[in-house]
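Taking it in order: structure first as structure tokens, then the write-up.
No value in this document is a laboratory result; all are computed from the given coordinates. Every value quoted in this text rests on a predicted model; they were computed, and no experiment measured them. With ideal geometry, Cβ positions are generated from the backbone for all residues, glycine too; neighbour counts draw on all protein chains shown.
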Amino acid sequence: MSTGKQSRDAEFAEYVASRSGWLRKVAFLLCSDWHRADDLVQETITKLYTNWHRAGQAANRDGYARTVLVNTFLAEQRSPWRRRTAAIALEAVEGGVVVEPDIAATMDLQQALTGLPPRQRATVVLRYYCDLTVEQTADALGCSSGNVKSQTSRGLSALRRSLGVGRLGGVEA
Amino acid sequence: MNRESSELAAMMDELAGSAAPPSRVDVGTAIRVGRGRIRRRRVVTGATTLVVVALAGLVAQVFPAPGPGLPAAPGYGTGTPTPPPSRLTASPSGSPPSGSSQSGSFTPPYSDYTPLPPYPTPSRTTPSGPDPLVVPGTFGWLPAWAADITTTGELPVVYVSDGSEGADRRTVTLQLFPGSQTPEGYDYPGRTETDPVNGHQAYLGQIPFGSNPDRVLMWQTGSGRWASLRASQLSADERKDLPRIAASVVFKDTPTPLPAKVPKVPGDPQLASVTLTTPVNGRSGYWSFQVRYGQIHSALDLTVESMAARSTPTAGKTASAEATLPGSTCREDKGVRVCAMSTGDPGSDPLPSVDALTAWLNQVELLGQDQSNWTTQGFK
């Protein structure tokens, strides 16, 4: 193997080692399933590898990785087969058992997130977990700022309904 | 960010940090699969170039380029082609671990996208009781490559791995679905009916991902509930053992003996997760037991592990040789090491103070290396 390829692989491996945990968390928030989160991250880093030179040219490599992840997730959601089974996945989350309040709140959120349409879910995760601005979220999703605001507003309204009155009452879209 | 936004962010952070099973993300596989895609892309690009050149030559012969003074015909000419608009761009954004603050734009790859199928979501529960590690089933037989088993107290899932930490780590994951959940909708690509397992309906599917897709064997158990075995990185020969592994599983909620008796934590924080990894197939050596209390930003982690060398390809390290994490308090006894570490502010609710933590750690009773001495009454 050439020295250049070795260097590229080492740089890539180092990057993945430092970022896979973070990507995995974002992926889990998007899909609510650790198995699928692993699949999403695995696919994402494979795409990153095949375009590593481009990722290196991107001024914000983390932003590049995050956008590839989100778009891989959204592309998956668009597949007809995925749409057919989405309702079943939601049922799986809802099929949980009775749990203690702290964990219950977390599971409530998981269930509430799962109930959001994929694009709304991605918008909420990018805005509030990744702490992106409206404009940055619009860039990542390839849509307008107005679209991000409307998606965020609808997503938060749905979360409030799911989590109960009083939760997230002051979150601004 | 206002208070409520912070609350939502904190809830998401907690959700993303809770009860995560061992990661299957594999950088070696990404590199191997990525190289294959790059090769294919080059082949396709080269072939496309040849076709374009050939067509251009043909077009040039049929429609000669305009001479001086003549307008260029529409559809071809000397102008620089305008690239299609980017479907998306990225700019400085987000708060990844290192917090980059640069700017730029790019077009992500789409051409090699393969839709990923969903995988059934296990329901989580809260570990509790004197033994919070109750597994849904036990294996009666495992292939020779199986080196260790990992179980968690909050997911009805059992992981079997070859014990390696490398790019080709082989794993088999057992999952039992709740009674209300039927997997008939999970119509995996390549689904094929297979021989019954213990006389019950079964089928095989695959997760079309990477060069060696995961395979899933789903079967109905004697109780009517469905179970699955998901195999990752197994060879074709090794996958032939899946029905035998499945047939050997005895489904019964079984408390797992634990290597320590853990006293009540001062302040009584919520038990969040319990994970045990032990060797199987007659192997001995490294094992680990991990307990987490509290939440992601205010957690207390207890780790009990053997000080034996790991019997894996990446072996050589022992528990005692591994660096003690900053902020952790440890002690050793009977070939076992126990460490406690707060990831929040010690003394803040619900974490005990440093002194109380040390006193508590000293009360953790270690039961040694011999698993026959372990207990199903480890938590009181």
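For labels at B:Asn281 and B:Arg225 in the simple 7 Å Cα→Cβ model, what's the distance in nm?
2.7 nm
Other chains near A:11-19: what is the mean number of their Cβ atoms within 10 Å of each residue's Cβ?
Details: counts 0, 4, 5, 1, 1, 6, 2, 3, 3.
Per residue, the average neighbour count from other chains is 3.
Using a 10 Å cut-off on Cβ to Cβ distances, tally the other chain neighbours for every residue of A:134-146 and report the average as a whole number.
Values: counts 0, 2, 5, 2, 4, 8, 6, 1, 8, 1, 0, 0, 0.
Averaged over the peptide's residues, the number is 3.
Cut-off is 10 Å between beta-carbons; in what order do B:Arg331, A:Arg24 appear when sorted fewest neighbours first?
Values: B:Arg331 14, A:Arg24 23.
Exposure proxy ranking, most exposed first: B:Arg331, A:Arg24.
Kindly state, as a whole number, the per residue volume in cubic angstrom of the convex hull around the alpha carbon atoms of region B:232-301. Write out the running numbers ahead of the final one.
On the way: hull volume 11.5 nm³, N = 70.
It comes to 164 Å³ per residue, whole-number rounded.
Starting with the fewest neighbours, write out B:Ile38, B:Ile245 ranked by other beta-carbon atoms found within 10 Å of each beta-carbon. Let's see the in-between values first.
Working: B:Ile38 15, B:Ile245 21.
Listed from fewest to most nearby Cβ atoms, that is B:Ile38, B:Ile245.
In the structure displayed, which of B:Lys252/B:Lys334; A:Lys25/B:Lys380; A:Lys25/B:Lys261; B:Lys261/B:Lys334; A:Lys25/B:Lys252 lie more than 25 Å apart, Cα to Cα?
Values: B:Lys252/B:Lys334 32 Å; A:Lys25/B:Lys380 32 Å; A:Lys25/B:Lys261 32 Å; B:Lys261/B:Lys334 14 Å; A:Lys25/B:Lys252 32 Å.
Exceeds cut-off: B:Lys252/B:Lys334; A:Lys25/B:Lys380; A:Lys25/B:Lys261; A:Lys25/B:Lys252.
Apply 1/(1 + (r/R0)^6) to the Cβ-Cβ distance of A:Cys143 and A:Ala10, taking R0 = 51 Å, and write down the FRET efficiency to the nearest 0.05. Walk me through the intermediate numbers first.
Numbers: r = 36 Å, r/R0 = 0.71.
Approximately 0.90, to the nearest 0.05.
Can you give the FRET efficiency for B:Ser235 and A:Ala17, using 1/(1 + (r/R0)^6), R0 = 30 Å, r = Cβ-Cβ distance, to the nearest 0.05? Display every interim value, and only then the final one.
Working: r = 26 Å, r/R0 = 0.88.
E(calc), rounded to 0.05, equals 0.70.
Reported to two decimal places, what Rg/Rh ratio describes region B:230-269 when computed on Cα atoms with Rh from the Kirkwood expression? Write down the numbers at each step before the final one.
Details: Rg = 18.6 Å, Rh = 14.3 Å.
Taking Rh as the inverse mean 1/r over Cα pairs, Rg/Rh reads 1.30.
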